[in-house]
Amino acid sequence: MTDSMYTDDKFIYSLHMEMNKRLKPHRFIHSAAVAGTASALAMKYGEDCSKAVVAGILHDCAKCYDDDELVSLCKKKDIPVSGFEEEHGFILHAKYGAYLAKSKYGIEDEDILSAIRWHTTGHEDMTLLEKIVFVADYIEPLRNKASNLKEVRYTAFNAKSIDEAVVMIMHDTIEYLKEKGSGIDTITKAAYEFYNAKTGKYDE
Ligand code: DGI
Ligand code: FE
Ligand code: FE
């Protein structure tokens, strides 16, 4: 299909209905909130708003599977699974979500697919749409648990560069994972180091 499908209200509606069927109510509402927040960030930073909506509504489309299911679904579809992902299957909802977005929901736009693919860990040198979805996922209005949420929200909409919000989220996520004693993927760590070096935000 063409780019114009992303601005077609019937198509956007159908994606919302699909996600409503597929996801638990709180996850569907979160996805719709990410779509709205991502589109607001797209307006601020000059990205395509309709692509932000599509990436936002679909970003957690594989969140309905448990860890083991995600590992076996990825293997079945020949999607590479790292040792870390095998141990932390939930992380694969991003990779498998991108696969579903393409194969099941007909998304061909590589920008949208990669924004879904990288929404959990981030990575070094992300595209603008990847950063927008990454930030929107963390700051959407229904989130309330993360530390420094007020500051991150302010920064996301007031900084000159979205990288300022990206590095804050990566920093706080790594702190949270350390506190919890959860393993940290080398991709998550490398992403933080890249954006910390770029912004000079934290001394370490
Ligand atoms: O799917 P959502 O809950 O909306 O958000 P998400 O896909 O960004 O997942 C957020 C969780 O992922 C959050 O608790 C931090 C976690 N996460 C991100 N990178 C890593 C990680 N967890 C582990 N164990 N290791 C990582 O590298
Ligand atoms: Fe997610
Ligand atoms: Fe999410």
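Rule-based calculations on the coordinates, nothing more; no lab input. Here the structure is a predicted model, which is why all the values come from computation and not from measurement. Neighbour counts run over all protein chains shown; Cβ positions are idealised from the backbone, glycine included.
Things to note:
- Annotation note: of Lys51, Lys75, the sole residue that is touching a residue at least 40 places away in the same chain (Cβ under 8 Å) and more than 16 Å from ligand 1 (Cβ to nearest atom) is Lys51.
- Inspection of segment 180-199 finds no residue satisfying the criterion of being without any contact (Cβ under 8 Å) to a residue 40 or more places away in the chain, part of a helix (DSSP H, G or I), closer than 19 Å to Tyr45 by Cα and in contact with a Leu (Cβ under 9 Å, 6 or more places away or on another chain).
- Every residue from segment 46-65 that is of a type outside the set (Val, Ile, Thr) and within 15 Å of Tyr13 (Cβ to Cβ): Ser50, Gly56, Leu58
- Residue list for segment 45-70, restricted to those being within 16 Å of ligand 2 (Cβ to nearest atom), in a helix (DSSP H, G or I) and more than 18 Å from Ala115 (Cα to Cα): Asp67, Glu69, Leu70
- Criterion: surrounded by fewer than 22 Cβ atoms within 10 Å (Cβ to Cβ) and in contact with a Cys (Cβ under 8 Å, 6 or more places away or on another chain) - qualifying residue of Leu177, Leu100: Leu100
- Qualifying residue in segment 103-113 (condition: within 14 Å of ligand 1 (Cβ to nearest atom), in a helix (DSSP H, G or I), in contact (Cβ under 8 Å) with a residue 40 or more places away in the chain and buried (at least 23 other Cβ atoms within 10 Å of the Cβ)): no
- Residue in segment 128-137 that is surrounded by 20 or more Cβ atoms within 10 Å (Cβ to Cβ), outside any helix (DSSP H, G or I) and more than 10 Å from ligand 1 (Cβ to nearest atom) present: no
- Selection within segment 19-38 - over 17 Å from Ala52 (Cβ atoms) and within 16 Å of ligand 3 (Cβ to nearest atom): Asn20, Arg22, Leu23, Lys24, Pro25, His26, Arg27, Phe28, Ile29
- Some residue of segment 135-145 being touching a Lys or Arg at 6+ places or on another chain (Cβ under 6 Å) and farther than 22 Å from Lys51 by Cα: no
- Considering segment 6-25, and only residues there that are in a helix (DSSP H, G or I) and touching a residue at least 40 places away in the same chain (Cβ under 8 Å), the residue that is surrounded by the fewest Cβ atoms within 10 Å (Cβ to Cβ) turns out to be Thr7.
- Only one entry of Ala42, Ala32 meets the criterion of being small (Gly, Ala, Ser), within 16 Å of ligand 2 (Cβ to nearest atom) and out of contact with any Ser or Thr (no Cβ under 8 Å at 6 or more places or on another chain), and that entry is Ala32.
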